[in-house]
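What follows is a structure written as structure tokens; I'll ask about it next.
What follows draws every value from the coordinates through simple rules; no lab data is involved. Owing to the predicted nature of the structure, the values given are computational and were not obtained by experimental measurement. Virtual Cβ from ideal backbone geometry, glycine too; neighbours counted across all protein chains shown.
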Amino acid sequence: MLFDLDLYLLRHGDSGKRTAVAAGGNTGDVPLTIVGREEIAIIARSVKALNLRFSAIVTSPLKRAVQTAKIIAKVLAIENRISVWNDLVPEGNRSKLYNRLNQYTRESSILMIGHEPYLSNMMYDMIFQKNRVNQLGRINLKKAGLAKIRVISLTPNISGELRWLLTPRILKLLEKGSSKSKSSVAKNKKKEQV
């Protein structure tokens with residue numbers, strides 16, 4: 001039976017983790033940096049410009065992921081749709097997470113916010129059905145990167161199709177393009193009124 005769930009995977013924004021590692025600091029549950037918050041706000045506006053609609057937002061409980069979820073949800077006006085899933089922590093159990101997806105109906109659209117390499121491993125599981133024997137490459141989801149996977153089956157194994165993968169740079173360009181077109185529409189409306 002086909003499942004047809006659209007799963008959007010978003011890696012949290014910049015958390016300054018490299019800076020903390022270099023300084024010998026804690027790299028565990030760190031918040032987004034100011035730059036990270038600003039970048040996610042731009043990404044959120046891009047998601048809105050793409051007219052993506054989510055039935056739910058599920059996030060890792062770590063601060064940087066929860067902050068990312070809250071920024072996205074606020075821009076999309078769906079703050080009441082956020083759920084925190086402990087299985088989305090970097091060392092979480094992906095099999096349990098896949099079982100939790102059964103709670104959603106067919107044709108749902110879920111935004112999942114988490115970490116690397118967890119999210120890339122999820123994509124690999126879905127696209128290649130855990131057949132890593134002849135792994136020739138790696139999927140790498142950049143911070144604030146977004147992927148869309150159509151999940152077509154959850155049983156007996158999870159399987160899906162990668163529909164697209166957008167880098168943060170592309171998402172930022174989409175937001176800039178959207179802002180320019182809105183400004184052009186506003187200028188045209190003013191001209192029409194004159």
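Would you please report the Å³ per residue occupied by the convex hull of the alpha carbon atoms in the stretch 74-120?
Numbers: hull volume 4.9 nm³, N = 47.
Value for the stretch 74-120: 104 Å³ per residue.
What is the spin-label model distance, in nm, from residue 91 to residue 142 if the labels are put 7 Å beyond Cα along the C-beta direction?
Output for this residue pair reads 3.0 nm.
Give, in nm to one decimal, the length gained when the segment between residue 161 and residue 80 is fully stretched (0.36 nm per residue of separation minus the Cα-Cα distance).
On the way: separation 81, 0.36 × 81 = 29.16 nm, distance 2.86 nm.
Difference between extended and current length: 26.3 nm.
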